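The values are calculated or read from the model by the stated rules, or taken from the named source; none is laboratory data. Predicted model, so just to flag it, every value in this text is computed and none were measured. All Cβ positions, even for glycine, are placed from backbone atoms using ideal geometry, and neighbour counts span all protein chains on display. The accessibility values were calculated without ligands, DNA or RNA, using every heavy atom of the protein model including side chains. Shrake-Rupley method; radii C 1.70, N 1.55, O 1.52, S 1.80 Å.
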Amino acid sequence: MFTRPPRVANRSRNRQAGQQQKDKLGNPPSRPPGLGQIGSMLSMVVLGGGLVVAAVTGYGMWRTGEQFMDGVKLMFTPKPPEDKVDVRTLVVEQVKGASELTTAIFSMQTVVPTESNRKVGNYVIGQTNLLYMAHGEVRAGIDLGAISEENIEVIENGDDLPPSLVVNLPAPKILDSKLDVARSEVYDYDRGFLQLGPDRAPELQTLAQQEALKRIRQGACDEGILTMASERAEVTMRQLLTPLGYENLTVQVAAPVGCS
């Protein structure tokens with residue numbers, strides 16, 4: 001039977017005794033973390049979260065303070081004046097853009113005779129006759145250049161109803177009358193027996209044109225061109241002012257006085 005030598009056994013016992021003595025003096029055996037360490041860790045986490053929340057809260061208060069100061073500045077800063085658009089001015093600008101409102105056109109054809117005599121004393125020894133066939137046109141309407149803000153009325157109908165717009169137009173008149181020279185011509189020119197009549201074709205043609213223009217204007221008046229212009233002015237004005245957005249629109253046209 002094998003027996004450990006005394007010296008080896010003593011070494012083994014001495015080593016075990018020294019290890020036990022070292023453990024008693026300063027090297028306690030390792031052990032899992034206790035409740036104290038866990039509490040310290042939780043405290044650090046809570047402290048860090050509190051710092052983050054405090055930072056966010058401070059930033060929010062800083063932004064809120066800025067907004068508060070901005071509100072205080074607005075309270076003591078006078079508001080700029082509100083720019084209001086005068087509806088009457090818009091209507092006048094819209095209307096004047098058309099310059100003249102032609103609402104009726106009258107066309108007419110007429111034959112005008114003219115003559116010129118050659119006399120010796122009280123006796124006619126020769127006569128010249130010119131027959132002129134004229135085509136002319138007459139335009140009637142309203143001079144929009146004469147309209148001002150005084151011709152426009154804006155009537156408020158309450159908060160629930162849109163305002164009404166009343167436009168007072170001046171009386172229609174003849175805006176223009178002219179001959180269509182391309183379609184007009186001297187139909188006949190005769191100086192009489194032995195050509196004794198004076199040769200005054202240009203003068204007689206001019207006289208015939210003036211007379212033709214008078215007849216055409218008078219024919220337009222007789223046909224009621226100003227009445228037609230007044231009736232059509234309302235429809236045309238509505239079409240012109242519709243883009244402004246006024247549904248309650250009243251157009252009043254003054255009655256024409258005479259015709260010339």
Note to self: If I filter the stretch 178-199 for residues that are at pLDDT below 95, within 30 Å of T242 (Cα to Cα) and surrounded by 15 or more Cβ atoms within 10 Å (Cβ to Cβ), do I get at least one hit?
What the structure shows: no
A146 vs (1) open to solvent by 40 Å² or more (accessible area, probe 1.4 Å); (2) modelled with pLDDT of 85 or more; (3) aliphatic (A, V, I, L, M): all pass except (2)
The number of residues in the stretch 186-228 that are in a loop (DSSP other than H, G, I, E, B) and touching a residue at least 24 places away in the same chain (Cβ under 8 Å) is 8
How many residues of the stretch 122-177 are in a loop (DSSP other than H, G, I, E, B), over 22 Å from I225 (Cβ atoms) and either touching a Pro at 6+ places or on another chain (Cβ under 7 Å) or acidic (D, E) (or both)? The answer is 4
Q. Is it true that V167 is open to solvent by less than 60 Å² (accessible area, probe 1.4 Å) and among the β-branched types (V, I, T)?
A. yes
Being in contact with a strand residue (DSSP E or B) (Cβ under 6 Å, 6 or more places away or on another chain), loosely packed, with under 14 Cβ neighbours inside 10 Å and not aromatic (F, W, Y) narrows Q239, Q252 down to just Q252
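Okay, residues lined up against (1) touching a helix residue (DSSP H, G or I) at 6+ places or on another chain (Cβ under 6 Å); (2) modelled with pLDDT of 90 or more; (3) among the basic types (K, R):
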position	(1), (2), (3)
I216	no, yes, no
G219	no, yes, no
E223	no, yes, no
L226	no, yes, no
A233	no, no, no
R238	no, no, yes
L241	no, no, no
L244	no, no, no
